[in-house]
Amino acid sequence: MLQPLENRGGSPIHGLYLHVPFCFHKCHYCDFYSLVESPGSDRQEAFTERLIEELQWRATQAQLRPATIFVGGGTPTLLRIELWQRLLAALRSFGISDAAREFTVEANPETVTPRLADMLAAGGVNRVSIGAQSFDPSLLKALERWHDPASVTKAVRIFRTAGITNINLDLIFAIPGQTSRTLDADINAALALEPDHLSYYGLTYEPNTALTQRLKTGQVSRIDEDIESDMFAQVIERLERAGFEQYEVSNWARKSAGMTADRRCAHNLVYWRNENWLGVGPAAASHVDGCRWKNKPHLGQYLNERPAPPVVDVETLPAERRIGEELMLRLRLREGVPESWIQTRLRDDRSRQQKIQEFIAMGMLEAVDGCIRLTRRGLFVADAVITQLL
């Protein structure tokens, strides 16, 4: 199969994503490609060597000087330290990490040690995203999330001691059994750790996950839609009062007069602004100049096919679909879409222009500072609004 980048070698890559598929347990809500890593398994070393090989091969195809690098999974911090050292050395030797102003690694709090944190910091990692999800043991159990809430506090302390101070906490609301009171306790616990960034997502029941199967069989009950909406409002109001800016539907960055750094996630902004990103590793998705694809979600095939990885779902979007996707992604941002962009890109698209005006009249969209954006009311039905403009 023709590799998508073979016709786009001159296109700049703004963000690089690396997928590490290993986990020590599959959380019941997770639909990302991941593999439970059993004791004594030798897959990590073979995977790391193959990942480095793909990076080297990709570097010959594209201008691989990304402004952002993000390592996700799976559980990247489950990778053995000596393998992390090889990977970081390779990123540096290929010149890939030199230009990155933001280098994020996802971390499971149970896997964080001082040695790991020191090694990541020495390798150029300057931001971590810690999977907290909740600080309530009963809610973590509902998600089948295996970590002690106290380990989140410990992980934050370890990373800060190592010099990685830009910290995000991933959290979930509308968990079965959660109440307004326990949500408030979660928010209090998160704010007490003084993170620079918070990602707070409403729980979604993805197809083919253990949680969705438990929902179908009546083992768990979904939070009522109105209660979930109230919880979202509670998150927005609490974080706003605590000095966080909601810059995307589910993401908040600390704002402070004394801070000079922008704590919004630069890597995720690459996605939401529909820029070019490259994914390496099994199941990693890519988007370059309107062409998108992903590596096949199969570790065995990823290890055996080389130097090019097996790719699936290759699609080059027609112009109208590209415009719709960019509009959809940009509307997730609180800054919205510049009216000049709409006037230029949608000049002959009366249907979308009319729909935007209808949503403005309904109070779901508004014009602010030369941009069209979701209103506070529109945030609560963001998916419904955005889908109609796709």
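The values are calculated or read from the model by the stated rules, or taken from the named source; none is laboratory data. No experiment lies behind these values; they were computed from the predicted model shown. Neighbour counts are summed over all protein chains in view; Cβ atoms, including those assigned to glycine, are modelled from backbone coordinates with ideal geometry. Just the protein is used for accessible areas: all its heavy atoms, side chains included, with ligands, DNA and RNA removed. Shrake-Rupley method; radii C 1.70, N 1.55, O 1.52, S 1.80 Å.
Count the DSSP beta bridges whose two residues both fall in the chain, then state the antiparallel fraction as a percent rounded to the nearest 5. Roughly 40 percent of the beta bridges in the chain run antiparallel, per DSSP. Neighbours of Gln246 by Cβ distance under 9 Å: Lys/Arg scored +1, Asp/Glu scored -1, total -2. In a simple Cβ point-charge model (Lys, Arg +1; Asp, Glu -1; nothing else charged), the chain has a dipole of about 400 debye relative to its Cα centre. Only Lys, Arg, Asp and Glu carry charge here, each on its Cβ (+1 for the first two, -1 for the last two); on that basis the stretch 240-379 has a dipole of about 320 debye about its Cα centre.
Name the shape class, rounded, prolate or oblate, that the alpha-carbon gyration tensor gives for the stretch 215-287, where a ≥ b ≥ c are the square roots of its eigenvalues, rounded holds for a/c under 1.5, and otherwise prolate holds if a/b is larger than b/c and oblate otherwise. Because a/c hits 1.5 or more and a/b fails to exceed b/c, the stretch 215-287 counts as oblate. In this view, the solvent-accessible surface of Tyr271, computed with a 1.4 Å probe and all protein chains in place, comes to about 60 Å².
The accessible area of Phe380, taken with all protein chains in place and a 1.4 Å probe, comes to roughly 70 Å². For Ile386, the solvent-accessible surface computed with a 1.4 Å probe is close to 10 Å², ligands and nucleic acids excluded. Within the accessible area of the chain, what % is carbon and sulfur when the probe is 1.4 Å and the other protein chains stay in place? In the chain, the share of accessible area belonging to carbon and sulfur is 49 percent. Assuming a strict under-27 Å limit between Cα atoms, what lysine pair count do you get for the chain once near-sequence pairs (fewer than 8 apart, same chain) are dropped? For the chain, the number of qualifying lysine pairs is 8. Rolling a 1.4 Å probe over the heavy atoms of the protein chains gives the stretch 250-317 an accessible area of 40 Å² per residue.
Accessible surface comparison of Asp349, Asp230, Asp224, probe 1.4 Å, protein chains only, largest first: the order is Asp230, Asp224, Asp349.
Only one item in (1) -0.38, -0.51, -1.11, -1.25; (2) -0.32, -0.43, -0.94, -1.05; (3) -0.24, -0.33, -0.86, -1.04 matches log10 I(q)/I(0) by the Debye sum over Cα atoms at q = 0.06, 0.07, 0.11, 0.12 Å⁻¹ derived from the coordinates shown, and that item is (3).
Once you sort the root eigenvalues of the Cα gyration tensor of the stretch 156-304 as a ≥ b ≥ c, which label holds: rounded (a/c under 1.5), prolate (a/b larger than b/c) or oblate (the other case)? Cα axes put the stretch 156-304 in the oblate bin. Ordered by solvent-accessible area of protein heavy atoms (1.4 Å probe), largest first, the residues Trp252, Trp277 come out as Trp277, Trp252. Placing Val156, Val36 in order of accessible area, with the largest value first and a 1.4 Å probe, yields Val36, Val156.
Using the Cβ-Cβ distance between Arg43 and Glu225 with R0 = 51 Å, the FRET efficiency computed as 1/(1 + (r/R0)^6) comes to roughly 0.75. Per residue, the average separation of C-alpha pairs within less than 8 Å and at least 6 apart gives the chain a relative contact order of 16 percent.
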